[in-house]
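Engineer: What follows is a single structure, and I will ask about it in a moment.
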Amino acid sequence: MTPRISPMHSDEIAVRYMQFRDGLVKCAIRLLGGDRHMAHDLVQETFKAAALQWGTLRTHSEGVLRAWLYRVLKNKVFDQWGSARRYVESVSGQDMLSDLDTPRTAISNLLLQKCWKVIDSMPCAQRRVALLKWQGEWTNHEIAAHLDIASSTVRVHLRNARNTLVAELGDEVVFPSEWRGDGPGEEAAV
């Protein structure tokens with residue numbers, strides 16, 4: 001049974017919700033690729049988590065509270081990505097073929113399923129960078145700031161992740177030409 005929120009804290013939580021809601025929703029929409037309904041749901045879940053820990057959270061500064069909310073929201077988005085991948089993996093290849101318009105689409109979805117399995121088997125830091133880049137469509141600078149690592153480290157993780165995918169899947173997986181270089185540009189060494 002979920003604990004009840006203290007009436008004493010509910011007004012404070014409502015004020016903070018109104019303060020941070022729009023920014024959190026915008027962040028979630030971006031991470032989810034435009035899914036507004038899911039974004040609003042995940043912001044609600046984030047505030048439920050905050051409400052359950054409000055006795056502790058209310059003592060922190062606004063900056064710490066903001067960071068906590070965004071981190072919890074991003075974790076909920078990552079959980080959502082995992083759920084979406086597990087759903088794709090639960091559908092057999094034959095089911096995909098019957099539900100899709102063309103064999104080419106079915107093959108693309110099967111390849112995507114293989115890619116997620118390979119990414120899931122990567123070392124933790126490499127996997128997180130790959131997910132943020134390829135699923136979340138974050139820039140290298142955003143990933144570096146979020147994970148508190150250097151942009152060059154992000155590029156190394158992405159290059160290693162790309163090489164792992166190519167080694168595991170061979171010529172089946174094709175990366176855009178701008179992702180192949182290892183130059184100093186932001187997106188050069190993805």
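The values are calculated or read from the model by the stated rules, or taken from the named source; none is laboratory data. The model shown is predicted, which means the values in this text are computed figures rather than measured ones. Heads up, the Cβs are rebuilt from the backbone with ideal geometry, glycines too, and the neighbour counts pull from every protein chain shown. We work out accessible area using only protein heavy atoms, side chains counted, and drop any ligands, DNA or RNA first. Shrake-Rupley method; radii C 1.70, N 1.55, O 1.52, S 1.80 Å.
Engineer: Taking residue 152 as the residue in question, decide whether it is modelled with pLDDT under 85 and open to solvent by 30 Å² or more (accessible area, probe 1.4 Å). If you could, list the steps in order and put the result at the bottom.
Structural biologist: Numbers: modelled with pLDDT under 85: no; open to solvent by 30 Å² or more (accessible area, probe 1.4 Å): yes.
It is false that residue 152 is modelled with pLDDT under 85 and open to solvent by 30 Å² or more (accessible area, probe 1.4 Å).
Engineer: Would you be able to say whether some residue in region 51-69 is within 22 Å of the chain's Cα centre (by Cα), open to solvent by less than 30 Å² (accessible area, probe 1.4 Å) and without any contact (Cβ under 8 Å) to a residue 24 or more places away in the chain?
Structural biologist: There is no residue in region 51-69 that is within 22 Å of the chain's Cα centre (by Cα), open to solvent by less than 30 Å² (accessible area, probe 1.4 Å) and without any contact (Cβ under 8 Å) to a residue 24 or more places away in the chain.
Engineer: How do the helices (runs of 4 or more DSSP H) wholly within region 47-103 filter down when requiring 1 or more residues that are under 30 Å from residue 19 (Cα atoms) and at pLDDT 85 or above: which remain?
Structural biologist: Once the helices (runs of 4 or more DSSP H) in region 47-103 are filtered for at least 1 residues that are under 30 Å from residue 19 (Cα atoms) and at pLDDT 85 or above, what remains is 54-57, 62-90.
Engineer: Still on this structure: Hey, residue 5 hits all of (1) over 18 Å from residue 146 (Cβ atoms); (2) of a type in the set (Val, Ile, Thr); (3) at pLDDT 90 or above but one; which does it fall short on?
Structural biologist: Tallying (1) over 18 Å from residue 146 (Cβ atoms); (2) of a type in the set (Val, Ile, Thr); (3) at pLDDT 90 or above, residue 5 fails exactly one: (3).
Engineer: Right, here's the next one. In the set 19, 44, which member is under 19 Å from the mean Cα position of the chain (by Cα) and surrounded by fewer than 18 Cβ atoms within 10 Å (Cβ to Cβ)?
Structural biologist: Values: 19 fails: under 19 Å from the mean Cα position of the chain (by Cα).
Result of the check over 19, 44: 44.
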